[in-house]
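Asker: Shown below is the structure under consideration.
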Amino acid sequence: MLTLAGGVAWVPLGSSLFDARSVQVVGTRELPADVVRAVAAVPLGTPMMWLDTKAVETRVAALPRVASVQVRCGVDGTVRIEVTERTPVAVVRRSDGMHLVDATGTDYAVMPVGPPGLPELRVARLGPRDAATVAALTVLTELPEWLRVQVHSIAAESPAAVVLRLGTGRRGDAREVRWGGVEEGDRKAAVLGPLLTQPGTLYDVSSPALPTIA
């Protein structure tokens with residue numbers, strides 16, 4: 001019986017049939033798969049039972065473009081690294097270029113020119129723990145599509161003072177929308193729609209019950 005038990009234990013631990021033999025990376029878009037493999041540093045030849053998948057996930061998650069990662073071990077010896085990349089929702093202008101920012105407020109990449117269609121974010125202290133940043137991006141990501149495509153920039157001096165700057169109006173003037181805080185977003189958008197058909201350069205829907213045009 002001891003011999004049999006030892007043989008059973010040897011199969012997953014000592015047999016090369018259960019070793020990590022290859023690494024598969026899925027889910028990447030901008031991030032090269034070879035970069036993920038290099039950072040993951042999966043020790044090929046290691047028995048799957050001994051492979052520290054959490055350590056691999058930690059290494060890959062440290063890549064700025066990675067929003068989340070999960071590592072799975074297959075019975076065929078394949079280590080599958082499933083990556084979800086960050087998606088930019090805005091850009092921040094800096095001296096070294098346009099920084100890409102995701103919905104959490106994380107600055108994760110810099111480009112000479114920002115991707116087309118992304119609004120510029122203007123806040124004093126960019127970051128996922130900055131209340132003004134979080135408020136501005138919450139407002140932006142919750143806007144209806146018809147309004148979001150018109151936003152050229154979004155600013156927030158405080159969580160209660162979000163301001164949208166839209167494209168030109170009928171007379172070619174830039175338009176500003178004082179949105180206020182994140183509350184009642186659907187109602188503010190519903191009120192703003194008809195207001196934008198009227199001439200003006202400043203539209204205040206921070207109190208949707210009492211909107212104004214100037």
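Readers should treat all values here as calculations from the given coordinates under stated rules, not as data from a laboratory. These numbers come from a predicted model, not from an experiment. All Cβ positions, glycine included, derive from the backbone under ideal geometry; neighbour counts span all protein chains shown.
Asker: Mind listing P(r) for region 18-85? All alpha-carbon pairs, 10 Å bins, whole percents.
Answerer: Final binned percentages: 23, 58, 18, 1.
Asker: May I ask you to sort Val23, Val123 by Cβ crowding, counting other Cβ atoms within 10 Å and putting the fewest first?
Answerer: Arranged by neighbour count, lowest to highest, Val23, Val123 become Val23, Val123.
Asker: Further question on the same structure: Please compute one quarter of the surface area of the Cα convex hull for region 88-213 and express it in square nanometres.
Answerer: Over all viewing directions, region 88-213 projects a mean Cα-hull area of 7.4 nm².
Asker: Another question, if that's okay. Roughly speaking, what is the stretch gain from Gln198 to Lys54, that is 0.36 nm per residue apart minus the C-alpha to C-alpha distance, in nm to one decimal?
Answerer: Difference between extended and current length: 46.2 nm.
Asker: Which three numbers, in whole Å and largest first, are the semi-axes of the equivalent ellipsoid of region 147-214 derived from its Cα gyration tensor as √(5λ)?
Answerer: Equivalent-ellipsoid dimensions as semi-axes: 18, 14, 10 Å.
Asker: Counting Lys and Arg as +1 and Asp and Glu as -1, each charge on the Cβ, what is the dipole of region 88-213 about the Cα centre in debye, to the nearest 20?
Answerer: 300
Asker: Hey, what's the Kirkwood Rh for region 67-121 if you take every pair of different alpha carbons, in angstrom?
Answerer: 12.9
Asker: Additional query: Full extension from Arg29 to Val113: what is 0.36 nm times the residue separation minus their Cα-Cα distance, to one decimal in nm?
Answerer: 28.4 nm
Asker: If I model a spin label at Glu145 and Ala38 as a point 7 Å from the Cα along the Cα→Cβ vector, what separation in nanometres do I get?
Answerer: 3.9
Asker: Computed over the Cα atoms of the chain, what is the ratio Rg over Rh, Rh following Kirkwood?
Answerer: Taking Rg over the Kirkwood Rh, I get 1.22.
Asker: Please report how far the C-alpha centroid of region 150-214 lies from that of region 33-109, rounded to the nearest whole angstrom.
Answerer: The distance from the Cα centre of region 150-214 to that of region 33-109 comes to 38 Å.
Asker: Quick check: residue separation of Ala209 and Asp76 times 0.36 nm, minus the Cα distance between them. What number comes out in nm?
Answerer: In short, 41.6 nm is gained.
Asker: Taking region 86-168, which trypsin sites (Lys or Arg not before Pro) meet the DSSP loop condition and have no more than 16 other C-beta atoms within 10 Å?
Answerer: Passing sites in region 86-168 are Arg125, Arg129.
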